[in-house]
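The values are calculated or read from the model by the stated rules, or taken from the named source; none is laboratory data. All figures in this text were calculated on a predicted structure; none of them were measured in a lab. Note: ideal-geometry Cβ built from the backbone for every residue, glycine included; neighbour counts use all protein chains shown. The area values use the complete protein model at the heavy-atom level, side chains included, leaving out ligands, DNA and RNA. Shrake-Rupley method; radii C 1.70, N 1.55, O 1.52, S 1.80 Å.
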Amino acid sequence: MKYCSTRGRQTGLSFQEVLFSGYAEDGGLYMPETIPELSQTDLNKWCSYSYPELVYAIARRFIDEQEISNKDLADVINGSFTRFRIPEIIRIEYLPEGLNIVELFHGPTLAFKDLPLSVVGRLLNYYLSKSGKHSTILVGTSGDTGSAAIESVRGQEHMDIIVLLPHGRCTPIQELQMTTVVERNVHVFCVEGTSDDLDKPIKQCFADKELVSTHNLISINSINWGRILVQVAHYFYIYYQLCGSVGNSVNVVVPTGAAGNLTAGCIAQKMGLPITLAAGVNVNDSVARVIKKADFSLKEEVLQTLAPAMDIQVPYNVERLVYLYANGDTTRVKEVMDTFEKNNSVDLPQDIMEAMRTAIVESFIVDDGKITETMQRIHEEHRYIVCPHTAVAAAYHYQWKRDVPHGYVATASPAKFPDAVQKAKAEPVTEGIKHLKDLPKEFQWMRKGQDWHTILRAKIEAICVQKKNI
């Protein structure tokens with residue numbers, strides 16, 4: 001299996017090379033040059049697999065044995081889920097009338113980001129331990145990615161992590177999960193801006209080839225292929241839990257921001273899994289405009305909502321979707337993205353959109369009022385509490401015909417969103433978060449008017465100096 005940039009300048013790369021990368025040299029994202037297709041025999045065989053076994057089976061299709069042996073890959077994956085709260089890793093709550101809530105949030109930070117990042121962190125450590133090298137991980141977060149990334153690498157000798165979070169735009173619990181981690185290799189910045197704002201200095205750093213090379217900079221945002229790869233597995237797990245028999249169709253309803261989870265679902269379908277997808281967004285509706293109108297464009301501002309992880313204006317994984325449904329034609333992807341970056345807007349080609357809509361069959365917008373209404377209704381009818389992002393997905397249950405089994409992706413525990421839970425008049429959930437308010441904080445500021453790129457670059461260089469002096 002080899003990898004390439006979606007824009008075509010780099011080809012023939014190994015999994016390890018793309019794992020230890022951010023954006024590609026030409027500004028694109030890394031993708032497999034081909035998507036492996038599963039036989040009916042494989043699909044039938046995998047139906048009895050546990051979640052870790054599915055992760056292994058899928059990872060083995062995308063990572064050559066020459067890069068990591070079967071035993072070492074199995075050890076990495078099996079060791080990745082030891083801190084999860086339930087033995088099955090993922091649980092489905094089967095509520096009446098087909099409201100199947102897929103709980104992906106039983107990891108250490110109570111969010112689905114723990115699923116891919118726990119594996120990615122251990123893969124990074126595996127390769128770095130063998131080489132004796134050090135890497136600096138650079139992460140921007142709109143909510144849950146930062147804390148999950150921190151937990152995946154905290155205390156590791158061979159990695160430092162720098163996390164930028166948009167102050168006041170995460171929930172207080174999400175912010176505390178990052179600012180209360182006191183570890184030598186963890187560096188947190190509270191940024192006076194949006195998640196899209198803080199992506200700009202990060203992208204500037206990754207555009208500097210010398211900086212990236214000198215300091216071994218990598219990203220484990222969903223621009224990192226390793227995250228997308230692992231996320232493919234939970235679509236297989238959902239399918240096998242809901243399908244009845246292999247071959248029947250299942251619709252997976254996904255709340256989405258940067259479209260990484262959505263991309264993983266599309267890859268699962270390309271591999272042969274009989275699923276379709278519905279993409280739910282909040283009022284920051286970039287993904288919905290792409291799916292419904294082929295309109296990939298920026299609005300004037302990012303609105304702050306009850307579902308902050310989805311408060312994103314630039315869903316950068318749309319580029320991966322264009323690559324998938326342009327059948328890997330990197331020339332076409334580059335043309336599309338060049339136009340987008342020049343004009344902050346592009347109309348996606350009709351044939352690409354028609355192909356994309358065979359997988360993503362619906363996209364819908366859920367505002368804060370509907371989020372609260374959905375949370376309240378589920379609580380009143382089922383005595384079950386969902387987070388606001390999960391409510392975006394679950395809103396679909398009450399508005400569209402359900403002619404096949406549906407799985408509604410629950411991306412985070414409601415414990416992380418006490419204000420939204422209170423608005424929905426549900427009982428507060430405190431599991432896993434009560435201790436945070438009593439912990440000391442450690443973070444730095446990026447204030448409005450400061451040169452964030454310069455601050456970030458100085459921190460990266462300081463980490464390198466510190467490592468040399470140890």
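Report yes if GLY260 is small (Gly, Ala, Ser) and either without any contact (Cβ under 8 Å) to a residue 60 or more places away in the chain or in contact with an Asp or Glu (Cβ under 8 Å, 6 or more places away or on another chain) (or both), otherwise no.
yes
Quick check on my filter: what residues within segment 129-147 are out of contact with any strand residue (DSSP E or B) (no Cβ under 6 Å at 6 or more places or on another chain) and at pLDDT 90 or above?
Within segment 129-147, SER129, LYS130, SER131, GLY132, LYS133, HIS134, SER147 qualify.
Which of the residues belonging to segment 263-297 are closer than 28 Å to GLN241 by Cα, touching a residue at least 40 places away in the same chain (Cβ under 8 Å) and not hydrophobic (A, V, I, L, M, F, W, C)?
Listed by number, the residues that qualify are THR263, GLY265, GLN269, LYS270, GLY272, THR276, GLY280, ASN282.
Answer yes if at least one residue in segment 103-112 is surrounded by fewer than 22 Cβ atoms within 10 Å (Cβ to Cβ), at pLDDT 95 or above, under 25 Å from GLU53 (Cα atoms) and not aromatic (Phe, Trp, Tyr), and no otherwise.
Taking segment 103-112 first, the residues surrounded by fewer than 22 Cβ atoms within 10 Å (Cβ to Cβ) are 103, 108.
From what's left, at pLDDT 95 or above: 103.
Now narrow it down to the ones that are under 25 Å from GLU53 (Cα atoms): 103.
Restricting the remaining residues to those that are not aromatic (Phe, Trp, Tyr) gives 103.
Scanning segment 103-112, I find at least one residue that is surrounded by fewer than 22 Cβ atoms within 10 Å (Cβ to Cβ), at pLDDT 95 or above, under 25 Å from GLU53 (Cα atoms) and not aromatic (Phe, Trp, Tyr), so the answer is yes.
Any chance you could count how many residues in segment 75-93 are assigned to a helix (DSSP H, G or I) and under 15 Å from PRO116 (Cα atoms)?
Total meeting the criteria: 5.
Restricting attention to segment 417-470, which residues are surrounded by 12 or more Cβ atoms within 10 Å (Cβ to Cβ), part of a loop (DSSP other than H, G, I, E, B) and hydrophobic (A, V, I, L, M, F, W, C)?
Hits for segment 417-470 are PHE417, ALA424, ALA426, VAL429, ILE433, LEU439, PHE443.
Residues checked against (1) surrounded by fewer than 24 Cβ atoms within 10 Å (Cβ to Cβ); (2) in contact (Cβ under 8 Å) with a residue 24 or more places away in the chain; (3) closer than 15 Å to ALA410 by Cα:
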| residue | (1), (2), (3) |
| --- | --- |
| GLU88 | yes, yes, no |
| LEU95 | yes, yes, yes |
| LYS133 | yes, yes, no |
| ILE137 | no, yes, no |
| SER142 | no, yes, no |
| LEU165 | no, yes, no |
| GLN174 | no, yes, no |
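Which of the residues that make up segment 52-69 are farther than 15 Å from MET1 by Cβ and over 24 Å from the mean Cα position of the chain (by Cα)?
Within segment 52-69, SER69 is the sole residue that qualifies.
Which ones in segment 331-354 are in a helix (DSSP H, G or I) and open to solvent by less than 30 Å² (accessible area, probe 1.4 Å)?
VAL333, VAL336, MET337, PHE340, ILE352, MET353
Filter segment 383-416 for residues that are surrounded by fewer than 18 Cβ atoms within 10 Å (Cβ to Cβ), within 28 Å of ASN248 (Cα to Cα) and in contact (Cβ under 8 Å) with a residue 24 or more places away in the chain and give the result.
Of segment 383-416, the ones surrounded by fewer than 18 Cβ atoms within 10 Å (Cβ to Cβ) are 383-384, 398-404.
If we keep only those that are within 28 Å of ASN248 (Cα to Cα) as well, we get 398-404.
Selection gives TYR398, GLN399, TRP400, ARG402, VAL404.
Residues that are touching a Ser or Thr at 6+ places or on another chain (Cβ under 6 Å) and open to solvent by less than 10 Å² (accessible area, probe 1.4 Å): which helices (runs of 4 or more DSSP H) entirely in segment 196-304 hold 2 or more of them?
260-270, 286-293
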